[in-house]
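Peer 1: First the structure, then my questions, so here it is.
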Amino acid sequence: MGTTVLAVKSSTYGIMAKKHLKKEGISSKLIKLDTEATENGCGYGIRIENRDFFRAVAILGRLRIEYTVVNGYE
Amino acid sequence: MVMSKYTYLDNAATTFPKPRYVIKEVVKCLKEYCGNPGRSAHKLSLLAAEIVYDTRERVAEYIGLSTPERIIFTSNATHALNTAIKGKLNHKCHVITSDLEHNSVLRPIYRQMQLHGIELSYYDSDIPLYDSIIPLIRDNTEFLITTLASNVTGRIIDTNIIYEIANKYKLYTIVDASQYLGHMSLDINKTPFDIVCAPGHKSLFGMQGSGFMALLNEETFPTLLEGGSGSETYNPYMPSTLPERYEAGTVNTPAIASLGAGISYLSALGNSFIREKLNKLTIRLHEILYDVGATVYGCENGIATFDMSNELSREVVERLDEKNICVRGGLHCAPIIHRKLGTEEHGAVRVSLSILNSIEDLDRLYFALKN
């Protein structure tokens, strides 16, 4: 099973997302993103297992944490 | 409890000593996790970022704010107040403030008056707030900027009434909680002030270099500082995202960690214990000052300002310092209240307590003043 990266606005939102996902039993990793993945050059994202994708985005939506799916980010 | 050879009674300037729990957290930070938060993705950077976020959550919870990202860390209350006042007071309008204000409120307002033609009125803190504030309100009054407790007299301003007036007349509120938080509890849900500014290093028991600005709403007013934000490098402006928008440069991780530990310490003690102890100490302080024949200008909330007859304030301070008793003389960066009290020439002596002070500390003060 692969992973997906969700780009968030800043490290603060990344940590917020990670904490709340963890509470719901979803593990994630906070990573730095480079210009490949972001409009304005460098940012943060959270990497999740694909199997957790829909639950994770639902949680982020509920918390109003904005994210964009970064395709093909390794 | 950290022992000291000093009887420290200058806690309105900064609290000393800090609880052992706070000191331990600072040492732990410096030894174990003090990477640069929000810059890299290595373990130490992320650990530091998590502690910073944890402290945001603790501060938010402490004042009843449900959104930790609206807690902006600053280097002190002055930094927070400058960010708020210079960010918001950027057009011609009328502002109301109090006669108790510290220069950290007054000077940024005066600067904005010079730049934007802002008009300013002061409300009299000795008169009931409805009678002192409402008559000052005009058609172009937009802001009510006030301390919640005086650093000179200890006077506590009724937050409920301030909020009621601001809400009724649609005034934007910026409050200075420097001498309020840590002694009194503030709940943003009951009194939704637009911006709350506070230092971490006074009654919240954090280190010097800590403070915060709490925003009720998500706002993007002009920034005081611009610099690195850890993301959006190609954006020529500070990002609109909170809190990073108002936190240019590396935040003070050890100071923020200390603030988080200080708030945990206070939360463990509980508001009732804190109020009861502070009241007991303040009553004893008032008794002492009365007994030694001091002229007392105010004695409330753990702060008392007074004069001794035939002695200038600086002479009293020097005399007490010889006995390792630390108090502050002079004008306490609060010019208007000293003019009102008639102490503008030589100032007055201020004793300011923390909950780590004891009756024995006050006994030493008593014997030193009596002699």
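Peer 1: How do the helices (runs of 4 or more DSSP H) wholly within the range B:29-127 filter down when requiring 3 or more residues that are within 14 Å of chain A (Cβ to nearest Cβ) and buried (at least 16 other Cβ atoms within 10 Å of the Cβ): which remain? Spell out how you get there, then give the answer.
Peer 2: Values: elements: B:43-62, B:77-88, B:103-116.
Hits in the range B:29-127: B:43-62.
Peer 1: For the range B:101-122, which positions are out of contact with any Phe, Trp or Tyr (no Cβ under 9 Å at 6 or more places or on another chain) and under 19 Å from residue B:135 (Cβ atoms)?
Peer 2: B:119, B:121, B:122
Peer 1: Within the range A:64-74, count every residue that is open to solvent by 60 Å² or more (accessible area, probe 1.4 Å) and over 11 Å from the mean Cα position of the chain (by Cα).
Peer 2: Step one: list which residues in the range A:64-74 are open to solvent by 60 Å² or more (accessible area, probe 1.4 Å), which gives A:64, A:66-69, A:71-72, A:74.
Keeping just the survivors that are over 11 Å from the mean Cα position of the chain (by Cα) gives A:64, A:71-72, A:74.
Of the residues in that region, 4 qualify.
Peer 1: Restricting attention to the range B:202-237, which residues are under 18 Å from residue B:52 (Cβ atoms), more than 10 Å from chain A (Cβ to nearest Cβ) and open to solvent by less than 30 Å² (accessible area, probe 1.4 Å)? First the steps, then the outcome.
Peer 2: Restricting attention to the range B:202-237, the residues satisfying the condition of being under 18 Å from residue B:52 (Cβ atoms) are B:204-215, B:225, B:227-231.
With the extra rule that they be more than 10 Å from chain A (Cβ to nearest Cβ), the set shrinks to B:204-215, B:225, B:227-228.
The answer is B:204, B:205, B:206, B:209, B:210, B:211, B:212, B:213, B:214, B:215.
Peer 1: Those residues that are closer than 21 Å to residue B:205 by Cα and open to solvent by less than 60 Å² (accessible area, probe 1.4 Å), I need them from the range B:317-332; list them, please.
Peer 2: Here is the first cut: in the range B:317-332, the residues closer than 21 Å to residue B:205 by Cα are B:325-328, B:332.
Selection gives B:325, B:326, B:327, B:332.
Peer 1: Scan the range B:167-187 for residues that are in a loop (DSSP other than H, G, I, E, B) and more than 24 Å from residue B:352 (Cβ to Cβ) and jot them down. Show your work before the answer.
Peer 2: If we filter the range B:167-187 for residues that are in a loop (DSSP other than H, G, I, E, B), which is where we start, we get B:169-171, B:177-180, B:182-183, B:185-187.
Selection gives B:169, B:170, B:171, B:187.
Peer 1: One residue is enough: does the range B:251-263 have a residue meeting the conditions more than 16 Å from residue B:12 (Cβ to Cβ) and among the hydroxyl-bearing types (Ser, Thr, Tyr)?
Peer 2: Within the range B:251-263, one or more residues are more than 16 Å from residue B:12 (Cβ to Cβ) and among the hydroxyl-bearing types (Ser, Thr, Tyr).
Peer 1: Report yes if residue A:17 is more than 14 Å from every other protein chain (Cβ to nearest Cβ) and surrounded by 14 or more Cβ atoms within 10 Å (Cβ to Cβ), otherwise no. Spell out the reasoning first.
Peer 2: Numbers: more than 14 Å from every other protein chain (Cβ to nearest Cβ): no; surrounded by 14 or more Cβ atoms within 10 Å (Cβ to Cβ): yes.
Considered against the rule, which asks whether it is more than 14 Å from every other protein chain (Cβ to nearest Cβ) and surrounded by 14 or more Cβ atoms within 10 Å (Cβ to Cβ), residue A:17 comes out as no.
Peer 1: Residues B:164, B:142: which one is in a strand (DSSP E or B), open to solvent by 50 Å² or more (accessible area, probe 1.4 Å) and at pLDDT 95 or above?
Peer 2: Every option except B:142 fails the conditions.
Peer 1: Let me ask you something else. Among B:350, B:339, B:314, which is the only one that is touching a residue at least 24 places away in the same chain (Cβ under 8 Å), surrounded by fewer than 21 Cβ atoms within 10 Å (Cβ to Cβ) and outside any loop (DSSP other than H, G, I, E, B)?
Peer 2: On the way: B:350 fails: surrounded by fewer than 21 Cβ atoms within 10 Å (Cβ to Cβ); B:339 fails: touching a residue at least 24 places away in the same chain (Cβ under 8 Å).
The conditions single out B:314.
Peer 1: Got at least one residue in the range B:248-265 being within 14 Å of another protein chain (Cβ to nearest Cβ), assigned to a loop (DSSP other than H, G, I, E, B) and either more than 18 Å from residue B:60 (Cα to Cα) or open to solvent by less than 20 Å² (accessible area, probe 1.4 Å) (or both)?
Peer 2: So far as the range B:248-265 goes, yes, one or more of its residues are within 14 Å of another protein chain (Cβ to nearest Cβ), assigned to a loop (DSSP other than H, G, I, E, B) and either more than 18 Å from residue B:60 (Cα to Cα) or open to solvent by less than 20 Å² (accessible area, probe 1.4 Å) (or both).
Peer 1: Residues A:32, A:22: which one is within 13 Å of chain B (Cβ to nearest Cβ), free of Cβ contacts under 8 Å to residues at least 60 places away in the same chain and surrounded by fewer than 15 Cβ atoms within 10 Å (Cβ to Cβ)? Show your work before the answer.
Peer 2: Numbers: A:32 fails: surrounded by fewer than 15 Cβ atoms within 10 Å (Cβ to Cβ).
From the options A:32, A:22, the qualifying one is A:22.
Peer 1: Just to verify a result, which residue in the range B:145-161, among those that are free of Cβ contacts under 8 Å to residues at least 60 places away in the same chain and more than 17 Å from residue B:214 (Cα to Cα), is surrounded by the fewest Cβ atoms within 10 Å (Cβ to Cβ)? First the steps, then the outcome.
Peer 2: Of the range B:145-161, the ones free of Cβ contacts under 8 Å to residues at least 60 places away in the same chain are B:146-148, B:157-161.
Okay, now just the ones that are also more than 17 Å from residue B:214 (Cα to Cα), so B:157-158, B:160-161.
Numbers: B:157: 19, B:158: 13, B:160: 10, B:161: 14.
The selected residue is B:160.
Peer 1: Among B:356, B:369, B:365, B:289, which is in a helix (DSSP H, G or I), open to solvent by less than 70 Å² (accessible area, probe 1.4 Å) and either touching a Ser or Thr at 6+ places or on another chain (Cβ under 8 Å) or without any contact (Cβ under 8 Å) to a residue 12 or more places away in the chain (or both)? Lay out the reasoning, then the answer.
Peer 2: Working: B:356 fails: in a helix (DSSP H, G or I); B:369 fails: either touching a Ser or Thr at 6+ places or on another chain (Cβ under 8 Å) or without any contact (Cβ under 8 Å) to a residue 12 or more places away in the chain (or both); B:289 fails: either touching a Ser or Thr at 6+ places or on another chain (Cβ under 8 Å) or without any contact (Cβ under 8 Å) to a residue 12 or more places away in the chain (or both).
Answer to the check: B:365.
Peer 1: Select from the range A:36-57 the residues that are within 14 Å of chain B (Cβ to nearest Cβ), open to solvent by 20 Å² or more (accessible area, probe 1.4 Å), farther than 16 Å from residue B:239 by Cα and not hydrophobic (A, V, I, L, M, F, W, C) and list them in ascending order.
Peer 2: As a first pass, look at the range A:36-57 and keep what is within 14 Å of chain B (Cβ to nearest Cβ): A:36-47.
Those still in the list that are open to solvent by 20 Å² or more (accessible area, probe 1.4 Å) too: A:36-40, A:42, A:47.
Now narrow it down to the ones that are farther than 16 Å from residue B:239 by Cα: A:36-37, A:47.
A:36, A:47, listed by residue number.
Peer 1: I need the full set of residues from the range B:324-371 which are β-branched (Val, Ile, Thr) and under 26 Å from residue B:4 (Cα atoms), in order please. Steps first, answer last, please.
Peer 2: First, pick out the residues of the range B:324-371 that are β-branched (Val, Ile, Thr): B:325, B:327, B:336-337, B:343, B:349, B:351, B:355, B:359.
Correct list: B:325, B:327, B:349, B:351, B:355, B:359.
The values are calculated or read from the model by the stated rules, or taken from the named source; none is laboratory data. Fair warning: this is a prediction, and the values are worked out from it, not measured in the lab. Please note: Cβ atoms are built from the backbone with ideal geometry, for glycine as well, and neighbour counts cover all protein chains shown. Accessible surface areas use protein heavy atoms only, side chains included; no ligands, DNA or RNA. Shrake-Rupley method; radii C 1.70, N 1.55, O 1.52, S 1.80 Å.
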